[in-house]
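Notes follow the structure.
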Amino acid sequence: MAPARQRILVDHRVLQHQVLRVGSRTGMLLPAHTNSGGKALLAQLTDAELAALYPRGLPASRNRAVTDLASVRRKLEATRRRG
């Protein structure tokens, strides 16, 4: 995955043979705050950098679980703690 501002670019995928398969299509641009790879990248930013990245709040997305920047900050803090 490569960061593309507020979205991540999926540049490859690995297929698994387990029952549960979660994968994205190569070449897709996904909102960084809505998926694990994007959250891992965003977790490396300071609060100031995150605010600068989203000066008008979060862009619209289908993911209704994350609707505001404060929510994202809480999730990123949990990501940082887990490492």
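At-a-glance table
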| item | result |
| --- | --- |
| Entirely in the range 28-83, the helices (runs of 4 or more DSSP H) that have 1 or more residues that are under 11 Å from the mean Cα position of the chain (by Cα) | 36-42, 69-82 |
| Cross-chain or 6+ apart pairs with Cβ under 7 Å, the range 61-83 first and farther than 17 Å from Gly37 by Cβ, then of a type outside the set (Lys, Arg) and exposed (fewer than 13 other Cβ atoms within 10 Å of the Cβ) | Asp68/Gly57; Leu69/Gly57; Arg73/Asp47 |
| In the range 46-77, the residues that are surrounded by 13 or more Cβ atoms within 10 Å (Cβ to Cβ) and of a type in the set (D, E, K, R) | Arg73, Lys75 |
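Since every read-out is calculated from the coordinates, none of them should be taken as a lab result. All values derive from a computational prediction rather than experimental measurement. Cβ atoms come from the backbone with ideal geometry, glycine included; neighbour counts cover every protein chain shown.
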